[in-house]
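Note sheet for the following structure.
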Amino acid sequence: MTVIVEPCDPHDPAAVALLEQSHALMTAMYPAESCHFLSLDALCTPDISFFVGKVDGAVMGCGAIARRVDYTEVKSMFVDPAARGIKVAQHILEKLIAVSREQGFGQMHLETGVGLDAAIALYEKYGFAFCPPFGDYVVDPLSLCMHKVLN
């Protein structure tokens, strides 16, 4: 099974469906103050690069990087439950790391939630380590921040 990761307009209907699933999951798991996902419109700003992962032509996952002053931030990582276990998230994360490097960034950050064990394990596999809150994030017992230095 081949996974292809490519840029996509967040308004693409398949991307919207994934983002809606992701947002529903986050709002079911966490109170509003602990949900830090970007709205569809916020994903369409010039500082965001949004990608989808396709399996046999079907959009099965998504992820984005937000360019900040001196780092990129991983945003909107989500894989359709039907495609979990076939490395869609791995391919998307590899693309986000590669694009961050290509654009000259030396570090990446992300925020994820307590209980998202598979996501945390993936981030750790790719060299992300826990760190204090960054940017506009504040200490939150349901929020975990991670950091990776790009070589």
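Coordinate-derived values only; no laboratory data. Keep in mind that this is a model prediction, so the values were computed, not measured. Positions of Cβ are generated from backbone atoms using ideal geometry, with glycine treated the same way; all protein chains shown enter the neighbour counts.
Does a label point 7 Å from the Cα of Thr45, set along Cα-to-beta-carbon, have any residues of the stretch 130-147 with amide nitrogen under 16 Å, and which are they?
135-137
Put a dot 7 Å past each Cα toward the Cβ at Glu94 and Leu150; how far apart are the dots in nm?
Using points 7 Å along Cα→Cβ, the separation is 1.7 nm.
Over the Cα atoms of the stretch 3-149, Rg to Rh with Kirkwood Rh, two decimal places?
Reported Rg/Rh, Kirkwood definition of Rh: 0.92.
For the stretch 141-151, what does the Karplus curve 6.51 cos²θ - 1.76 cosθ + 1.60, with θ = phi - 60°, yield as ³J(HN,Hα) per residue in whole Hz, taken in order and with x for Gly and Pro?
Karplus-based 3J(HN,Hα) across the stretch 141-151 equals x, 9, 10, 10, 9, 9, 9, 9, 8, 8, 8 Hz.
Label Met1 and Ala24 with points 7 Å out from Cα along Cα→Cβ: what is the distance between them in nm?
2.1
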